[in-house]
Structures are given as C-alpha cells and as structure tokens.
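Just so it is clear, none of the values below were taken in a lab; they were calculated from the coordinates. Keep in mind that this is a model prediction, so the values were computed, not measured. Because the Cβ atoms are built from the backbone with ideal geometry, glycine has one as well, and the counts that use them run over all protein chains shown.
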Amino acid sequence: MINQQVQAVTIAGHDSDGSAGMPADLHAFFIDGVYGHGLLTAAVSGNSYGIDAAQIMPKDYIEQQFKTLSTDFKISAAKTGMLANDDVINVVADQYAKVDFGPLVVDPVIITKHGAMLLEQSAYELFRERIVPLATVITPNFYEAQKLTGMRLKNTQEMFDAAVKLHEMGAKNVVIKGEHNDPTQKEVVDVVLLEDGSRFELTKPFFDTTHVNGTGDTFSAIIAAELAKGTGVKNAVIRAKDAVFAAISHPLEVGHKFGPINHWAAERELKKKEL
C-alpha cells in the first residue's frame, strides 16, 4: 500500500564528511526504522579538521522542496537543523505552515557545543519569533539555551528556569542539553520540561572523546523518528538520550581530529530496548 512506511523529514544543511547535519539525521532515521527525506537548506565543505566553504540554498529552491515532498509522501514528523539566515528562517516558517509534516523537533543549530556562533546575529530574533513557537520539541544545547533566553545558566535549576522561558516563547516541550566541555566532569545532566508542566533530568556519565560530531543532530532526529512512530514525547526523549550515549561511548575511528559518533552503536542500543 502507498505510504504505509513511517516517514520523517529533516530540514537541514548537508555536511560533506557525513558526520553532522542532514547525513547524521538520515543515519538516525534509518537506525530507528523510519524512512528519511532530506529538505536541503545549505551545504558545507568540511572534514574532521573543520569547514572550508558553505553555500546557502536559494529561497525558491527551499520552497519548491516543501511543495515537491508534500505532494507525494506522507510525512509524519519533521526536524530542523541549520537555518542559516533570515531568508531561510522565513521560507521554512512560511512553508511549514502550508504543509502537514506532523510534529516538529527544532534543533536550533545556532551555537556549537563549544560556544562558537553558527547563525548570523541578525537572525536570532527572527528564529525566536518564527521557529521556536512551531516546536513540538526544542533541543538547544547549553549555549543555545543561554542565547535564546538571555539567561546565564550555572546549575540545573537555572536550566529549568530557562526551559520555562522557552516554553513561554511557544515551544511545547523543551530539552536543554547539559554542558560537557570539562574533561574532569563525571556526568552530563540534561533537563526536560514537558508540555503538561512535568519535568525531569536525564543524566549520563561524561565520556571524553573528540568524536562527537552529529550528537545534537542525532538526538533530535531520533526524537522526531519516535514521534513519527507515535511514541510519546517523554519516551522519545529518553530513547534518544540512551541511543546517543551509546554512539558517543563507542567511538568510530573516522577522521584525524573531530570525528563522527557511532550510529551502529546507537542502533544496537535502540534494538536492545525493543527486546
């Protein structure tokens, strides 16, 4: 039968080394048993040493991809990745309102896990205004949560306070990922605020490795895949956290410097949870 396979779409940029962005999202959809579509917003030329060049897709091309996918496929959930500037943010917000792609997971992709800025300064306010309210789930890292809320976060209580602020900005469910830059730290604590006001922490041991490219992409993509399958937000988030920890704690020997996480290890973890 037509379109009986569960499907999701990533609205993101393509990383040529396959470690992050759309490639990581599609890896994550695949290992979680969901067919993945890719709606391209940008492309970067990079390897494990860094990014050498980038190209943002034209607005009309992004718009056409929405139309092309929506006329054929039954997409049950979506996630965003790199939305590089005002034009991309506007066209994605406009087009998402016109199609039925199901619940949306917003991975902000505005500041790296090390604090480097990825989004043009002029686009922050627009992102807050147009994209955050669309989020069924938003998954900022520690630095992105600070930037989006204008708050300094020093402990888990302040992270929960920031989650409340993001909730008030329109995001239905909020996951703020804990800081993990200190090699001496023992654990990483994420905070979760659900739409009904309930909250909890997700804690995993800190694993010191340079092979963490694609962590945030994979985390948000697995949440989206689970929502596409009908899983509730709480269980989707927990499942994604377990899978990503497995991927980080079993490093792949790919690249000389900053490498990808291990989606095969994540897949084994997901399948183990199904037994």
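Suppose R0 equals 25 Å; then what is the FRET efficiency for K74 and K272 from their Cβ-Cβ distance, rounded to the nearest 0.05?
On the way: r = 29 Å, r/R0 = 1.16.
In this case the efficiency is close to 0.30.
Let me spell out the model: positive unit charges on the Cβ of Lys and Arg, negative unit charges on the Cβ of Asp and Glu, origin at the Cα centre of region 9-129. What dipole size does that give, in debye rounded to 20? Intermediate results must be reported in sequence, preceding the final value.
Details: 7 positive and 16 negative charges, 50 e Å.
I would put it at about 240 debye.
With both partners inside region 7-274, how many of the DSSP beta bridges are antiparallel, as a percent to the nearest 5? Intermediate values should be presented prior to the final figure.
On the way: 18 of 39 bridges.
Given both bridge residues lie in region 7-274, the antiparallel proportion sits at roughly 45 percent.
How are the C-alpha pair distances of region 146-275 spread across 5 Å bins, as whole percents from the shortest bin up?
P(r) for region 146-275, in whole percents per bin: 2, 10, 19, 21, 20, 15, 9, 3, 0.
Helix-derived [θ] at 222 nm for the chain: sum -39500 (n - 2.57) over DSSP H runs of at least 4, divide by residue count, nearest 500?
Numbers: 9 runs with 105 residues, N = 275.
After summing the helix terms and dividing by residue count, I get -12000 deg cm²/dmol.
How many Å³ per residue does the convex hull of the Cα positions in the chain occupy? All intermediate terms of the calculation are to be shown ahead of the outcome.
Numbers: hull volume 33.4 nm³, N = 275.
Taking only Cα atoms, the chain has a hull volume of 122 Å³ per residue.
Cα extents of region 41-137 along the three principal axes, largest first, in whole Å?
Dimensions of region 41-137 along the principal axes of its Cα atoms: 39, 25, 21 Å.
Taking the Cα centre of region 7-274 as origin, work out the dipole magnitude from +1 charges on Lys and Arg Cβ and -1 charges on Asp and Glu Cβ, in debye rounded to 20. Don't skip to the end; give the middle numbers.
Details: 26 positive and 35 negative charges, 111 e Å.
For region 7-274, the charge dipole is close to 540 debye.
For region 132-275, build the charge dipole from Cβ charges (+1 Lys, Arg; -1 Asp, Glu) around the Cα centre, then report which of T231, I248, L202 sits farthest towards its positive end.
Value computed over the given set: T231.
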